[in-house]
Structure formats: C-alpha cells, structure tokens
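Before any comments, here is the structure.
Nothing in this text is a laboratory measurement; each read-out follows from the coordinates by a stated rule. Since this is a predicted model, take the numbers as computed values, not measurements. Glycine also receives a Cβ, built like all others from the backbone with ideal geometry; neighbour counts cover every protein chain displayed.
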Amino acid sequence: MPSDTSTSSTPTTTGYRGLLRNREFAGLYAGFTLTVAASTLSGFALGTLVNHQTKSPFLTAVSMYGATFAMVLGALTLMSVADGNRPRRTLVALQCVSLVCTAAQALPELPLVARFGLLLVLGFFQSLGTGTRMGLLAEVVPNSTYALARSLMNITSGGMAILGFAIGAVLLRYLSPQEVFVVATALTGAGLITVAATVRERSIRLTRRPGLRQTWTANVALFSHPGQRSLLLNLWVPNGLIVGCEALFISYAPHHAGVFLAAGSAGMLLGDLTVGRLLTAAQRRRYAFALRLLLAIPYLLFAIHPPMLVATFAVFIAGAGFAATLPLQEQLLELTPDPVRGQVQGVESAGRMTWQGIGAAIAGGVAQHFTAGTAITAVAATSIAITVLSRPFVVRARSVRVEKTNA
C-alpha cells in the first residue's frame, strides 16, 4: 500500500479541481500534458518531413506509428525500472533522454535512417517513462481518486492530440518541420523542469536492482495471472481494433475524415468526463461491459454506408466507449502488488499503444482486398466478439479481487 505520507497531503475535495490542489499530482499532470503536446507536434512534423522526402504512404505511416511498436520492447525488457527505488530520479532521467531525441530531430541534414532510429529510441524510453509516471500516480493520489486522475489524464491526452495536430498544421504553414521540432523540444524541456520542481522522491519500491531479469520475472507473473491477463486483453485488443477503424476514415471518406476524427475525439472526451467524474466506482464496473460494446457496435452501420451525418454521430457515440478503459484500469490496479505497480501499468499502456498500431495494420490489410466500409464493419465485429467471449474471464477477475479483499 502507498505510505501515509504519499496521501496525507492529498485534498479531501473530490473532483478534478480537488486533484489539482495536490502539488505533486499537478506537477505530474502538467508534465504529462506538455509531453503529450510535444509528442504530437514532433510526430506530425516527422510524418510531414518523411512524406515530403519520400512520397511513400508506408514510410509516412511508419513514422507516425513507429514509436508505438518500440514501446512494447520497453515493456518486455527494462520496464522494471518503473518500480526502482528512486522513481522521481528515473522519470527525470527518462525525460532527459526524450529531450535529447526530440532535439536531435531538429538537425536539418539528419538522414532518414537516423530519424527512424531516434524514433525507436524515443518510443522505447517513453514506455519506461509512462510506467514510472503511472507508478508515481498510484502513490500520489489515493486509490479512491485513481480513476478520476486517470480520467483527467485520458481527457487531456485526447484534447492535446486534437490541439497538437491542429496547431501543428498551422505551424507547418509558416515553419519548417525542423523548426516545429524546436517547439516540441521546448515543450519537452518545460515538462522536464515541471516534474523536477514539483514531484518529490519516494523509496518504497523494489529492493532488488531493476533490469531484464526483474522485468521478465514480473511480466511472467503478470501474464500467468488469469485475472490480469483477461483485463489486459480487454484493454488492448478491442481498443486497438477500433483505432484500426479510425485509421480507415481517410480511405472511406477523404473529404469527411477530419470531421469523423473530431467527432470520435469529442465522444472520447465526453465519455471519459462522464465515467470518470460522474459515476462511482461501483457504477463504472457495472457499465464497463456496455461501454466496451458501445465502442464497436456503432461501426457496424458502416456496412450499409449511412449518410455522413448518421455516420458522424455513430463515430461520436462509439468514441464514448473508450471510457471503458477506466474501470478496467481500476481493476488491474487492485490486482497488482504495490512493488510492481509502475511496471504493470507501463506494460498496460505500452501494450495498448502497440495494439493501436497493430489494429491500424490489420484494418488496412483488410481494406486492401475489400472496401473500407466492409473492413471497418469486419474489424468492429471482431472487437465485439472478443469483448463478449472474454467477459466471463473479466467477471472472474472481479471475483478474485473481492475474495482477496475479504480474506
């Protein structure tokens, strides 16, 4: 359990405003916000640069999703550093690596091979940083407000992605991609300073030295636990497949894709706000299955090519289903021993991001042989099937949690 000192300063006031009165959470949140903004800007700049230089849709897509594939490497090798005995120092060091990688992308004559290499390095260390940040989050806020804190971060992540792409598009009309990388570097540096100035050091973690062996030991224990395994499956695969549906918006309706993406993001923000802020923990668990179905069912309409207004509304409604991650993340946290919380949450985040890339690749592969509408429908149906078939295992995971609590 987190030490008393980790929560004694946490405000008793509920709600997002109450969370932000906690200086450490406010620092983690501000650092996270700046990191997401920097990542979005740098990803957009790199994709634009690669497209201009190669005119290759494949390389452009890889430049946008390449970091997510590298994240799983961090989860499988060195994620145990997220639970080292000095998490603040670890997070600051990892953000220094991100700062260097982002700054290096601003070099004008850097070869593309080097740019892709930096992208992989950045994704690898970002996965470790995410695990460390989420491990600290579980200590900074009490368990009763953990879902609320994750909800705020999810909302911010979605909002900053929308703003980042919009601002990036404007900046690239007046600046070169290298100059946009400079802006991203400044944001990364600001996030680094914010975390270093607000988050205090903690030492309630592992006593053994983190490394490959420690990571594999914890990962084997994680995937050997049926409850945690089923929760990870539900957090990764259905979401990733629906991101694959979103990846086909341009192919489905080139002139309406921006509206679809905005509608999906708006639905996601509304869902996270409602589920994280207005529902109790018991209500979140009660509606979790319905939310997971809501994530995919509206996309079945694409089989009949509905009018654009109807399709846009369907995408908006489906976006709210992404809020199902909150109750699943709560359950995963409750099943996770304190000493490996950072590693497990890092694995969850890295796997979810990796499955977004996999989902996009699967959907794109199906669309190569069928229409985009058919591919969207087929991928959404697969998401529904996985959600339904895995439900008994998620319910069983909840039962295990209750038995442990009552023991």
Discussion item. Per residue of segment 281-295, what does 6.51 cos²θ - 1.76 cosθ + 1.60 with θ = phi - 60° give for ³J(HN,Hα)? Whole Hz please, x for Gly and Pro, Karplus curve as stated.
Written reply: 4, 5, 5, 4, 5, 5, 9, 4, 5, 4, 5, 5, 5, 4, 4
Worksheet item: What is the calculated FRET efficiency for His305 to Arg200, with r their C-beta to C-beta distance and R₀ = 60 Å, to the nearest 0.05?
Response: 0.60
Worksheet item: If we count other beta carbons within 10 Å of each Cβ, what is the order of Cys96, Cys245, Cys101, fewest first?
Response: Cys96, Cys101, Cys245
Worksheet entry | Backbone N within segment 299-334 under 20 Å of label point (7 Å from His369 Cα along the Cβ vector) | 303
Worksheet item: When ranked by the protection proxy of mean other Cβ atoms within 10 Å per residue, highest first, what sequence do the peptides 153-159, 306-312 form?
Response: 153-159, 306-312
Item to complete: Could you sort 360-367, 387-394 so that the peptide with the highest average Cβ count within 10 Å comes first and the rest follow in order?
Response: 360-367, 387-394
Fill in: Gain in span if fully extended, Arg89 to Ala381, counting 0.36 nm per residue against the direct Cα distance
100.7 nm
